[in-house]
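Each value in this text was obtained by applying a stated rule to the coordinates, not by laboratory testing. Being a predicted model, the structure only gives us computed values, none of them experimental. In this analysis, Cβ positions are derived from the backbone assuming ideal geometry, glycine residues included, and neighbour counts consider all displayed protein chains.
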């Protein structure tokens with residue numbers, strides 16, 4: 001099995017050798033980060049367990065190594081009462097290390113942010129008044145493939161003692177098949193101080209590039225809750 005995996009990986013890397021190496025517009029790359037004054041809009045529509053969710057994210061390059069942004073989504077539950085707007089998520093990404101600054105060409109980022117407000121029917125967990133998070137993302141970009149991983153810790157707070165913390169570990173692989181198409185796969189492991197919120201999720205995505213715009217479709221399966229989510233996303237880089 002190990003020989004088969006590395007054989008497929010080597011073949012894909014060889015095929016991808018001719019892929020576009022301009023990473024400045026590949027907004028679905030897990031290590032993408034726009035430059036100073038770059039504005040990225042990400043609009044997504046997801047279907048999950050008889051529900052529909054639409055979301056909007058905007059991020060702006062305040063400096064060459066610092067991006068600040070926010071996102072919010074609205075959820076419609078067709079079978080229950082879990083309708084409403086999510087928490088507002090404001091956060092930033094600071095690029096601590098560039099590929100050119102080390103012999104192994106590793107990129108490293110610090111993530112941090114705050115979630116607040118929103119409907120109690122949409123929050124996870126529902127009692128969360130505010131959530132603070134900080135994380136580390138690192139990986140390497142090749143001409144045809146990106147390998148990345150994120151480790152993020154979150155703290156959930158409320159007035160009464162019902163707070164919780166959890167950690168997410170998220171490895172990802174992303175192939176630039178050719179100038180127009182990309183495919184990716186990821187795995188997410190969540191461990192919480194409340195075991196009811198433990199989760200393991202696997203996801204896949206297909207991306208089509210048109211200049212500075214990308215159209216993506218995804219499929220995700222969560223093992224603990226046995227739930228499926230599918231959707232589409234449009235990324236526009238201004």
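What ranking do 145-157, 69-81 get when scored by the average of other Cβ atoms within 10 Å per residue, highest first? Could you put the intermediate results ahead of the total?
Numbers: 145-157: 18.2, 69-81: 15.0.
Ranking, from highest mean packing down: 145-157, 69-81.
Which of 208, 53, 182 comes first, and how do the rest follow, when ranked by fewest Cβ neighbours within 10 Å? Walk me through the intermediate numbers first.
Details: 208 13, 53 18, 182 26.
The most exposed by this proxy come first: 208, 53, 182.
Taking neighbour Cβ counts within 10 Å as the exposure measure, how do 110, 164, 33 sort from fewest upward? Could the numbers behind the result be given before it?
Working: 110 15, 164 18, 33 22.
By the 10 Å Cβ count, ascending, the order reads 110, 164, 33.
With a Förster radius of 35 Å, plug the Cβ-Cβ distance of residue 43 and residue 142 into 1/(1 + (r/R0)^6) and report the FRET value to the nearest 0.05.
Numbers: r = 29 Å, r/R0 = 0.82.
Efficiency, rounded to the nearest 0.05: 0.75.
Mind pulling the per residue volume of the convex hull built on the Cα atoms of the chain? Å³ is fine.
Details: hull volume 32.4 nm³, N = 238.
Roughly 136 Å³ of hull volume per residue.
How many nm separate the modelled label positions at residue 83 and residue 212, each set 7 Å beyond the Cα in the direction of the Cβ?
3.8
State the extension gain, in nm to one decimal, for the chain segment bounded by residue 63 and residue 36, taking 0.36 nm per residue of separation less the distance between their alpha-carbons.
Numbers: separation 27, 0.36 × 27 = 9.72 nm, distance 0.46 nm.
Between residue 63 and residue 36, full extension yields an extra 9.3 nm.
To the nearest 0.05, what FRET efficiency results for residue 114 and residue 153 with a Förster distance of 22 Å applied to their C-beta separation?
Approximately 0.95, to the nearest 0.05.
Grab the Cα-Cα distance for residue 234 and residue 124, subtract it from 0.36 nm times how many residues apart they are, and report the gain in nm with one decimal. If you can, show how the numbers build up before the last one.
Details: separation 110, 0.36 × 110 = 39.60 nm, distance 2.49 nm.
Extending this stretch completely gives an extra 37.1 nm.
Please give the contour-minus-distance gain from residue 52 to residue 98: 0.36 nm per residue of separation, less the Cα-Cα distance, rounded to one decimal in nm.
Working: separation 46, 0.36 × 46 = 16.56 nm, distance 3.83 nm.
Extra length available between residue 52 and residue 98 comes to 12.7 nm.
Give the angle, between 0 and 90 degrees and rounded to the nearest 10, that separates the Cα long axis of helix 2-15 from the longest principal axis of the Cα atoms of the chain.
70
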